[in-house]
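*Asks:* Below is a structure I'd like to ask you about.
The values are calculated or read from the model by the stated rules, or taken from the named source; none is laboratory data. Everything numeric in this text was worked out from a predicted model, so none of it was measured. Methodologically, a virtual Cβ is constructed for each residue, glycine included, from the backbone with ideal geometry; neighbour enumeration extends over all protein chains shown.
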């Protein structure tokens, strides 16, 4: 059986193209499973997974829990978002306490970039990074690429524009790594104030005109404005942002081709994307949500197979 080249999923930058293809092929199988009348498989009956979220999360947490339940794993949930667990040392203490309950895998979201990497050096369990600060969110990028592959047949050679708050977005960084690894062309588009300084060094081009970016692309991934990560104002106000970088139906219809529209969620309807666009036939937002469960099942299953 093929296996992943890594023992943890800490970020897309640690994966190779074969890893991504293996995850996708496994997710294809699990997608069939979750669309059957009996949605569970007994694959991980003897595996215990701890979900440790140091930041609030609804969708990612639910998606992971559902994936774990579909695989028949035992689950321990630990929400540290409101607790005083903030620093590295107490992070290790917390996890060690949970591991002493004989946990095999840890799914962790943390506000500090690299928290998962640090953890993987100190504990024996397999680690899945469910988002670390503004650094990486690997399962989101995998489900995004998987959704593009499902709609357009392949990711290689496709032109993808990521629009919005690139500076604060772990989704953007993981997507850039994943898309480039699979041979897609990537542009980023948004206000100059929301562009990281050396973004071009990742092999992407910057476009500040949304219409030009949309005319160029096959796929537009519209990011949420991350107000909770902004300590200063990066643009005048939401209305100004929407005027320049919001996607509405008249703009979509004025393009000379049909493009695929994505959004990692949660959507600020009427800011980065209108309801009409989000609910249109060009949008694959709900497919992304469904694919998220299949992709997370695949990642958990493949990492668990390396534990035994």
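*Asks:* In this structure, does residue 212 turn out to be surrounded by fewer than 22 Cβ atoms within 10 Å (Cβ to Cβ) and without any contact (Cβ under 8 Å) to a residue 24 or more places away in the chain?
*Replies:* In short, yes.
*Asks:* Go through (1) at pLDDT below 95; (2) in a helix (DSSP H, G or I); (3) surrounded by 15 or more Cβ atoms within 10 Å (Cβ to Cβ) for residue 228 and report which single condition fails.
*Replies:* (3)
*Asks:* Residue check: is residue 120 closer than 26 Å to residue 305 by Cβ and assigned by TED's automatic domain parsing to the domain that holds residue 272?
*Replies:* In short, no.
*Asks:* Now, a different point. Name the helices (runs of 4 or more DSSP H) wholly within the stretch 249-304 that hold at least 3 residues that are under 20 Å from the mean Cα position of the chain (by Cα) and within 18 Å of residue 223 (Cβ to Cβ)?
*Replies:* The helices (runs of 4 or more DSSP H) meeting that bar are 285-304.
*Asks:* Answer yes if at least one residue in the stretch 148-162 is touching a residue at least 40 places away in the same chain (Cβ under 8 Å), under 26 Å from residue 261 (Cβ atoms), in contact with a strand residue (DSSP E or B) (Cβ under 6 Å, 6 or more places away or on another chain) and outside the structural domain of residue 247 (by TED's automatic domain parsing), and no otherwise.
*Replies:* no
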